[in-house]
Amino acid sequence: MDSQLPQNYEDELRWLNRLSVFLDNRFRIPGTNIRFGADFLIGLIPYAGDVISFGLSGFLVFMMARKGASGMVLVKMIGNVWLDGMVGTIPILGDIFDLSYRANIRNLNLLKEHYGKGEHQGSAWWILILIVLVLFLLIGLSVYVIWRILAYSMNLVIGT
């Protein structure tokens with residue numbers, strides 16, 4: 001952890017750091033400096049892996065918000081998760097991007113900078129509510145699209 005952070009913040013950030021490293025940076029390809037985490041491995045599962053990975057990153061942002069992240073820091077974190085999630089949906093390119101982008105580590109560093117500089121103080125509850133609403137909307141939209149694709153596919157199979 002950074003030595004510039006007060007001790008109580010280091011204690012609060014310790015488990016967030018462990019989870020972020022596990023998701024983004026835990027493993028190394030032998031003989032190289034290429035590191036990856038569970039987020040990359042989960043993302044290899046088509047579609048479901050991207051949803052699970054997005055959910056884990058969203059959970060981390062939520063927990064960082066509970067540790068005192070301000071609205072501005074949360075907006076940047078959400079941007080990181082969104083970019084990671086959107087590019088991650090592109091087959092092969094998304095997996096390669098996920099090896100280098102490491103949204104969870106970036107978000108942890110944003111929180112450390114927030115603590116270290118003391119900037120962007122203020123409530124973030126309205127942003128959290130917006131995040132939850134958008135996530136539910138996206139999940140609902142995804143379920144609807146999948147349902148429509150399955151219904152269309154079943155009509156093709158049954159209709160022939």
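The values are calculated or read from the model by the stated rules, or taken from the named source; none is laboratory data. Bear in mind the structure is a predicted one, so any value in this text is a computation, not a measurement. Positions of Cβ are backbone-derived with ideal geometry, glycine not excepted, and every protein chain shown enters the neighbour counts.
Residue-by-condition table, conditions (1) acidic (Asp, Glu); (2) touching an Asp or Glu at 6+ places or on another chain (Cβ under 6 Å); (3) crowded, with 22+ Cβ neighbours inside 10 Å:
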site: MET86; (1), (2), (3): no, no, no
site: ILE96; (1), (2), (3): no, no, no
site: ASN104; (1), (2), (3): no, yes, yes
site: ASN107; (1), (2), (3): no, no, yes
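Within region 137-160, work out how many residues are modelled with pLDDT under 90 and under 24 Å from LYS76 (Cα atoms).
Selection size over region 137-160: 0.
Tell me, which helices (runs of 4 or more DSSP H) wholly within region 1-96 include 2 or more residues that are at pLDDT below 85 and farther than 26 Å from PHE136 by Cβ?
Those helices (runs of 4 or more DSSP H) span 7-24.
Kindly indicate which of MET77, MET64 is closer than 30 Å to VAL145 by Cα and surrounded by 17 or more Cβ atoms within 10 Å (Cβ to Cβ).
Sole residue among the options that is closer than 30 Å to VAL145 by Cα and surrounded by 17 or more Cβ atoms within 10 Å (Cβ to Cβ): MET77.
I want to confirm something. Restricting to region 50-61 and keeping residues that are buried (at least 21 other Cβ atoms within 10 Å of the Cβ) and either free of Cβ contacts under 8 Å to residues at least 24 places away in the same chain or not aliphatic (A, V, I, L, M) (or both), which single residue is farthest from PHE22 (Cα to Cα)?
ASP50
Just checking, does region 144-152 include any residue being touching a residue at least 24 places away in the same chain (Cβ under 8 Å) and not aromatic (Phe, Trp, Tyr)?
no
Evaluate region 141-157: report whether one residue or more is in a helix (DSSP H, G or I) and crowded, with 19+ Cβ neighbours inside 10 Å.
No, that holds for no residue.
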